[in-house]
Amino acid sequence: MIEGLLIGAYAVGSKECFIYVRGEYETSISLLRNAVKQAEERGLCGDVKIKVVSGAGAYVCGEGTAIVNSLEGVRGEPRLKPPSMAVAGLHQKPTVVNNVETFAVIPEIINKGADWFGSIGAEKFPGTKLMCLSGDICNKVCVEVPTDATLRDVVEGFGDGVPGGKKLKALQLGGSSCGFVKPEQLDTPVDFDSIRSIGASLGSGAVYALDETRNVVDILLEIAKFYKHESCGKCTPCREGTMRIVELMEKLAAGQGTKGDIELLKSLAGYMQKSCFCPLGQSALTAFMSALKLFPEDFEAKLRKEA
Ligand code: SF4
């Protein structure tokens, strides 16, 4: 990844690189700092400075403009675009912001050639994807798979399936801002086109498994609490909306919800999708909308029983 970063810096004529890591990942931060020190000591960096920066632990700092704000030492909030990062990014200078997965693959492509890279995985989206397995799964691991591997290869091959002999109910694919897929969709390859064709999203490569005993409403409540905590507070629809979502989800999860609450959440989803400033708020109810479509019976089971 450091080599890819240096190649990227050379390509755009930059002398300053930053690797931004969420503050909680102390081991990664210390390993990266050590790797950068070793590269510098061996004279591999030339006059390019690489700094490993520990963020304060904000989900929204996965957004490019919020990272740049955080690097400048101000609040990690997204900026209004335009201008784009390529025009005015860090300290108002043109800035390239990329995921580490992208930088890590650059040296391999340069060493082995584009044809070699093009021969790995799916034809239209060649290469590999990091997938991170969590939830009700035997092996909670992070694996790198070619893009023609299927979700079944990932979940059953690497994850070793669901513990306790239980059946898989669903996967939340791509992270908490994404929707769910059902077990009958497990034979879908993990390239962007195929995943999109089943109405899902690959997102960050996160794969969260739910076993058959779960009610999806309980999972949605946890997601809602996460969004309320992570909302940076810059814009009203997200700051207020994420609080209202938690209230409604708490009511539903406690078996006290009504059909009217579900309708309210649906209208909130449309409103937040249109009016929130950044993708965090815009996608705060994506998982809810997906769950409502795929598992209406879970919501039905949680509605208040009228006396
Ligand atoms: S949508 Fe949420 S996270 Fe994004 S700017 Fe608005 S308050 Fe901040």
Completion exercise
Reported to the nearest 10 Å², residue 59 has, with a 1.4 Å probe, an accessible area equal to 80 Å²
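Calculate, for the chain, the solvent-accessible area per residue in square angstrom, rolling a 1.4 angstrom probe over the heavy atoms of the protein chains.
In whole numbers, the chain has 53 Å² accessible per residue.
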Handout entry: Top positive-direction residue, dipole computed over the stretch 2-110 with Cβ charges, set 70, 53, 9
Key = 70
Practice task
State the extension gain, in nm to one decimal, for the chain segment bounded by residue 297 and residue 44, taking 0.36 nm per residue of separation less the distance between their alpha-carbons.
Solution key: 85.2 nm
Completion exercise
For residue 259, counting only aspartates and glutamates whose alpha-carbon sits under 19 Å away and dropping same-chain residues fewer than eight positions off, the answer is 218, 247, 250, 297, 298, 300, 306
Fill in the blank from the handout: Here the alpha-carbon Rg of the stretch 216-302 over 2.2 N^0.38 Å rounds to 0.99
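Need one word for the stretch 165-266: rounded, prolate or oblate. Basis is the Cα gyration tensor (sqrt eigenvalues a ≥ b ≥ c); a/c below 1.5 gives rounded, then a/b vs b/c decides.
oblate
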Practice task
Provide the FRET efficiency to the nearest 0.05 for the residue 218-residue 35 pair, computing r from the beta carbons and using R0 = 25 Å.
Solution key: 0.05
Problem - the chain - percent relative contact order, Cα under 8 Å, separation 6 or more - result: 12 percent
Fill in the blank from the handout: The summed charge of the residue 130 Cβ neighbourhood (under 10 Å; Lys/Arg +1, Asp/Glu -1) stands at -1
Problem - ³J(HN,Hα) computed for each position of the stretch 26-43 - Karplus, 6.51 cos²θ - 1.76 cosθ + 1.60, integer Hz, glycine/proline x - result: 4, 5, 4, 4, 5, 5, 5, 4, 5, 5, 5, 4, 4, 4, 5, 4, 8, x
Exercise for the section: Jot down the per residue volume, in cubic angstrom and as a whole number, of the convex hull over the alpha-carbon atoms of the stretch 87-179. Expected result: 155 Å³
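Nothing charged except the Cβ atoms of Lys and Arg (+1) and of Asp and Glu (-1): what's the magnitude of the dipole of the chain about its Cα centre? Round to the nearest 20 debye.
The calculation lands at about 940 debye.
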Problem - Rh (Kirkwood; distinct C-alpha pairs) - the stretch 2-110, Å - result: 14.6 Å
Problem - Rounded if a/c under 1.5, otherwise prolate or oblate - the chain, Cα gyration tensor axes - result: oblate
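Determine the alpha carbon to alpha carbon distance for each of 228/274; 166/293; 37/124; 51/81; 15/225; 182/302 and list only those over 29 Å.
Over 29 Å Cα-Cα: 37/124; 15/225.
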Fill in the blank from the handout: Summing -39500 (n - 2.57) over every DSSP H run of at least 4 residues in the chain and dividing by its residue count gives a helix-only mean residue ellipticity at 222 nm, to the nearest 500 deg cm²/dmol, of -12500 deg cm²/dmol
Exercise for the section: Read phi for every residue in the stretch 176-183 and hand back ³J(HN,Hα) as whole Hz from Karplus 6.51 cos²θ - 1.76 cosθ + 1.60, θ = phi - 60°, with x for Gly and Pro. Expected result: 5, 8, 10, x, 10, 10, 9, x
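Among DSSP beta bridges whose residues both lie in the chain, state the antiparallel percentage, nearest 5.
55 percent
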Problem - Calculated FRET efficiency for the pair residue 274/residue 3, C-beta based, R₀ 35 Å, to 0.05 - result: 0.25
Exercise for the section: Report the semi-axes of the equivalent ellipsoid for the stretch 128-211 in whole Å, largest first, where each axis is √(5λ) for an eigenvalue λ of the Cα gyration tensor. Expected result: 18, 13, 12
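The values are calculated or read from the model by the stated rules, or taken from the named source; none is laboratory data. Keep in mind the model is a prediction, meaning the values are calculated, not measured. So basically every Cβ, Gly included, is an ideal-geometry build from the backbone, and we count neighbours across all protein chains shown. When the accessible area is computed, the model is the full protein with side chains, heavy atoms only, and any ligands, DNA or RNA have been set aside. Shrake-Rupley method; radii C 1.70, N 1.55, O 1.52, S 1.80 Å.
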